[in-house]
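Just below is one structure, and these are the notes that go with it.
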Amino acid sequence: MIRATFILSVLLMMIACRSSKQHLVGNDRDAHGCIGSAGYQWSELQRNCVRPFELPLIIKHSDSITQIAVLFSTDSSKAEVFAIEGHFMLQRKPSQLHSHHWKNKKMQLNKNYSGKWIWEKSN
């Protein structure tokens, strides 16, 4: 009886294992090939996968809880923002190429005269 129960258990386990799909860790590539579970996201500016938390510019919000990671184009005309709210591309106005102000319809990024970075929702 014990032997029959053991054999039945083994057979049921084999059937259960065979029918389930295996999910491999790190096998979650997006359309660009970035592995999200490893923290990678697609960067439009770099045309490559990046880990936002490893970028050189991390800016904390005034609420001291949320933060963003920022990449700039080589000519600094564009800023790419990685935030909890999403992924945003910000642009300088052509007439303000030497200013420290980037924006789009949803958010803006500024560097004030004391050198502090400030990001907020656009008006």
When the residues of segment 80-96 are filtered to those that are within 15 Å of the chain's Cα centre (by Cα) and among the charged types (D, E, K, R), which remaining residue is surrounded by the most Cβ atoms within 10 Å (Cβ to Cβ)?
GLU80
Take the residues in segment 76-123 that are polar (S, T, N, Q) and assigned to a helix (DSSP H, G or I), then tell me which one is farthest from LEU55 (Cα to Cα).
SER95
Answer from SER77, SER62, SER73, SER99 - the residue that is free of Cβ contacts under 8 Å to residues at least 12 places away in the same chain and over 15 Å from the mean Cα position of the chain (by Cα):
SER99
The conditions are (1) in contact (Cβ under 8 Å) with a residue 24 or more places away in the chain; (2) surrounded by fewer than 14 Cβ atoms within 10 Å (Cβ to Cβ); (3) farther than 25 Å from GLY115 by Cα, and ARG47 fails exactly one of them. Which is it?
(1)
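The numbers here are math on the coordinates, done by the rules we state, and not lab data. No experiment lies behind these values; they were computed from the predicted model shown. FYI the Cβ positions are ideal-geometry reconstructions off the backbone, even for glycines, and counts take in every protein chain you see.
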